[in-house]
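Colleague: Handing you this structure, nothing more for now.
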Amino acid sequence: MNQDLIALLTCPVCHSELHWTIHECNGERVEEAEAHCNDCSADYPVHEGIGVFLTSDLPRHDLWEEAGGGLTAYLHEHPQIEQKLLESSLEELSPADQFFLAMVLEERGNYGQARTVADLARAGMYTKEYQDCFKSQIDYVTNRVSIQDGPIIDLASGRCYLVEQLAQELSRPIVATDFSPRILRRDRRFFQFLGLADRVSLLAFDARCTPFNDGAVKTMTTNLGLANIEEPGRLLDELRRVISGELSAIMFFFPDDDVANRAAAEKLGISAFMFRNSTLRLFDEAGFDVELKNVCSGRALPTPTSDLLEGAGIDALPVAETELEWCTLVAR
Ligand SMILES: C[S@@+](CC[C@H](N)C(=O)[O-])C[C@H]1O[C@@H](n2cnc3c(N)ncnc32)[C@H](O)[C@@H]1O
C-alpha cells in the first residue's frame, strides 16, 4: 500500500487514531508494517504490501476462498480432470471450463495465457448485449473519475476488472479493496505481471466496517460490488460516514416483475440492490442524493455450467433469461 494512505486510515472498530510501526518499505510503498489502536488494542498488519483491516465481529462469506480453495482441492483429488483441462484444445472446452482453466493457469502464475483464456471464456459466457453494457459502464466511470483528483477507493474489487482499466488509463492513485485476502493476493500478483503494481494499493476490509476517517473518501467506485455485500442498510450508513465526495457504482437491475430471478436473489439474500426501486429507497434512507447515469439495457442469460467439474457454475444470477437495466449510480 502507498504510504500516503496512512493519513486517511483509522481503526475500523472504534475510529481512533492508529499508531504505525513500519518494518519494510519499497520506495513509496509500505510492504510490512503494523498499525495499533491504543483505544481498543486491535492490531492491523500490512503483509506483502496488503493492509489487512478485517475485524473479528463480522462473519465473512468469502466465496473466493471457497471457490479457489475448492477448485484446487477438487483438482488435487481428480488429477485426470486437471489434465483434461490443461491438455484439451480451447475449442473443445465449454466457456465455463475455459474460465476454470484460466483460474488454474493463474494459480500456476501463467497470467498471460490465463488472460487470453479468460477473455475467450467471457465471450462465450455472456450475451453480446451484456458485454456491451458492461464495457459502456466501465468506460463511463473511467471518464467520470478522470476529471477528479486524489486517490480512488474501489469497493469490493474482486478480480479488479474496473481497477485494471482505471490503473491503465489514469494517473491517480488507486486503492483496490475486498474482504477476501485471497483475491487481493491474486490481484497483487496480477498487477505485478501487468507492471502496474506501483499504481494500485491493496486493502482488505469489510465494506460495512471500513478503516477510513470520517469524510476521508472523495472518490469511491465499485463495479457490481454493492449487490454482493450483506446488510445493505449498514453498508450505506458506513459509506455515508466516509464519503465526502462521490460514489460511482456500476449496477444492473432486474425488471420488477422478474419472478424467477427475484426469488433466486431473495434466496441468496442479495436482492436489495438487484432492483431499481429498493436501491433508490435504501440510498435515500441513508441520506444520499442519487442519479442514475449512462442507463442502457440488454438481454442476459444464465451463465453456462462446467462439463468437466460436476456441473460447477459461474454466476449465481440470472437463473432465467431476462432484460437487465445497467447504469452507473452516482451518489453524493
Ligand atoms: C462480483 S465481485 C465484484 C467485481 C469486481 N468489482 C470487478 O470489477 O472485478 C463482488 C466482490 O464483493 C466482495 N465482497 C462481498 N462482500 C463483501 C464485503 N462485505 N466487504 C467487502 N467486499 C465484499 C467479494 O469478495 C467479491 O470479490
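Every number here is computed from the coordinates shown, using simple stated rules; none is lab data. These numbers come from a predicted model, not from an experiment. Please note: Cβ atoms are built from the backbone with ideal geometry, for glycine as well, and neighbour counts cover all protein chains shown.
Colleague: Restricting to helices (runs of 4 or more DSSP H) lying wholly in the stretch 138-246: which have 3 or more residues that are within 13 Å of the chain's Cα centre (by Cα) and within 12 Å of the ligand (Cβ to nearest atom)?
Modeller: Ranges flagged: 161-169, 181-194.
Colleague: Going through the stretch 262-278 one residue at a time, which ones are more than 16 Å from the ligand (Cβ to nearest atom) and not in a loop (DSSP other than H, G, I, E, B)? First the steps, then the outcome.
Modeller: In the first step, residues of the stretch 262-278 are kept if they are more than 16 Å from the ligand (Cβ to nearest atom); the result is 262-263, 266-267, 275-278.
Answer for the stretch 262-278, where residues must be more than 16 Å from the ligand (Cβ to nearest atom) and not in a loop (DSSP other than H, G, I, E, B): ARG262, ALA263, GLU266, LYS267, ARG276, ASN277, SER278.
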